[in-house]
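Structure record follows, encoded as structure tokens.
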Amino acid sequence: MKKLIFPYPFCGFSGTTFINCFSSVYMFLEGIAAGGSDYECRQLDGKSCNSCGNCGQGGYTPISRQECYFFLFDTMCGRSALRWRFDETPTEMEKMIGVTDAYEGDTENNIEFLFGFAGWEYQKVPGDFKAAIAASIEAGKPVLAKVKAGEGRFRVIIGYDGDKLLCPDYKNAQKPPKKAPKYNELEALYIVGDKTQPRYTLKDGLERIRRVLEYNAAEKLWDSYYEKLGLYPAAHITDGFGKVDNKEKQARMQRVSDTMVHTWNCHNFAEVFRKYREGGDASVYDGVGDMKKLRDPAFREFFDRISGPCNGYTHDLAWALHGLAQCADWTRHAFSAGYVGEMVELTLMQIQKNDEGVLEAVRGILAILEQGEALE
């Protein structure tokens, strides 16, 4: 039997997706101290977070530190800037990043970017899994593995015992796998190579984010919701909210609710930049590529916009709409007549406005970075 000591937790904001597993493996590769936790935490016991605040006492804890890396990688690849279409048709940006559920991010494009941003070489292995895993474990490195089916299709392999694969405890992740995969359940391996100079910089990450945000705006993704929720849509819309039956109204509100759950990704986005606001602690990111550049006070006004009026506000509004959908009483006139659609539409318009503010802030950060490069 060969087994690596892997004391790193997983983020409770997602299942065992690539970004979640990669964040934990990154901590292992970089030798980041996991340490113990001498405080009460529901997540450490595999339960949902109840925002007790215990983890905020006395600096970063194993879970909060791993979450920081999860937020960083989730944001810099562009996933936390994604928005959905009403009709559920995947956008080109979703296809680029690899969103097969709310948090996957598992396309080759995205995986290559994140390894490059973190500064590690890797090799995708589509077969001969047994030999590749044995060699990696012998070299002292865990293996990122993708399984053929199921939610959260990534696993971290930390050893083997004969023909049995060994994995860490995923209990903090959403819907944690109950057992390690078998060799015949594997689709591909991502074998970690040597530490290297990052192939992608902070600027590359911000440009990727800008690309996603500009796409969202150009495709008018929120407009597709206005057409289905507005009580008085444009003349060419023949199935406005007030003209469909209660069953269809409920279905549309459920789509809004699901979309708001996805839109909570704005929390991940805001948390990254919030670290760099005055009084924030961005030390957790100092060793990742050239993230230290964001310590320049010239960027602070943009961080304030992103983490407060823009993404912070969006998070709250998304929760409000999600809650509204959950407690809607369709026997009441405000719902059955479709008036609630007007409120939903106005709320989504504010979220759209917030998204526009985030885009302008990202453009502002990039302009300063580009100006600095021009002076070098």
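With respect to being part of a helix (DSSP H, G or I), buried (at least 20 other Cβ atoms within 10 Å of the Cβ) and small (G, A, S), S64 falls outside the description. Based on what the data block shows, is D194 surrounded by fewer than 16 Cβ atoms within 10 Å (Cβ to Cβ), out of contact with any helix residue (DSSP H, G or I) (no Cβ under 7 Å at 6 or more places or on another chain) and closer than 30 Å to D163 by Cβ? It is true that D194 is surrounded by fewer than 16 Cβ atoms within 10 Å (Cβ to Cβ), out of contact with any helix residue (DSSP H, G or I) (no Cβ under 7 Å at 6 or more places or on another chain) and closer than 30 Å to D163 by Cβ. If only residues of region 158-176 that are under 22 Å from the mean Cα position of the chain (by Cα) and crowded, with 19+ Cβ neighbours inside 10 Å are counted, the one that is nearest to I137 (Cα to Cα) is P168.
Taking the conditions (1) at pLDDT 95 or above; (2) over 27 Å from L366 (Cα atoms); (3) in contact with a Phe, Trp or Tyr (Cβ under 7 Å, 6 or more places away or on another chain) in turn, F117 satisfies each one other than (2). Of the residues making up region 177-229, those that are among the small types (G, A, S), under 30 Å from Q123 (Cα atoms) and over 20 Å from the mean Cα position of the chain (by Cα) are A180, A188, G193. All of A282, A298, A318, A328 fail the test of being under 25 Å from D87 (Cα atoms), small (G, A, S) and surrounded by fewer than 21 Cβ atoms within 10 Å (Cβ to Cβ), apart from A328.
Would you call T201 closer than 25 Å to F71 by Cα, at pLDDT 95 or above and surrounded by fewer than 14 Cβ atoms within 10 Å (Cβ to Cβ)? No, not satisfied.
The condition of being of a type in the set (V, I, T), crowded, with 21+ Cβ neighbours inside 10 Å and farther than 22 Å from Y226 by Cβ holds for only one of I351, I365, that being I365.
Where strands (runs of 3 or more DSSP E) fall entirely within region 97-205, those with at least 2 residues that are over 16 Å from C21 (Cβ atoms) are at 120-125, 159-161, 186-195.
Looking across K148, K141, K130, one residue alone is without any contact (Cβ under 8 Å) to a residue 60 or more places away in the chain, in the same structural domain as C68 (by TED's automatic domain parsing) and under 25 Å from the mean Cα position of the chain (by Cα). It is K148. Given the structure, is E67 modelled with pLDDT of 70 or more, closer than 22 Å to D194 by Cα and of a type in the set (D, E)? No. Do the conditions hold for V125, that is, is it farther than 30 Å from V261 by Cα, of a type in the set (A, V, I, L, M, F, W, C), surrounded by 16 or more Cβ atoms within 10 Å (Cβ to Cβ) and touching a Leu at 6+ places or on another chain (Cβ under 9 Å)? Yes.
Condition check: closer than 15 Å to V362 by Cα, buried (at least 16 other Cβ atoms within 10 Å of the Cβ) and not acidic (D, E). Does R208 satisfy that? It is true that R208 is closer than 15 Å to V362 by Cα, buried (at least 16 other Cβ atoms within 10 Å of the Cβ) and not acidic (D, E).
Got at least one residue in region 79-101 being small (G, A, S), buried (at least 19 other Cβ atoms within 10 Å of the Cβ) and in contact with a Phe, Trp or Tyr (Cβ under 6 Å, 6 or more places away or on another chain)? The answer is yes; a qualifying residue exists.
Scanning region 211-249 for residues that are basic (K, R) and buried (at least 18 other Cβ atoms within 10 Å of the Cβ) returns K228, K249.
The values are calculated or read from the model by the stated rules, or taken from the named source; none is laboratory data. Model, not experiment: these values are computed from the prediction. Here the Cβ is made from the backbone with ideal geometry for all residues, glycine too, and neighbour counts use every protein chain on show.
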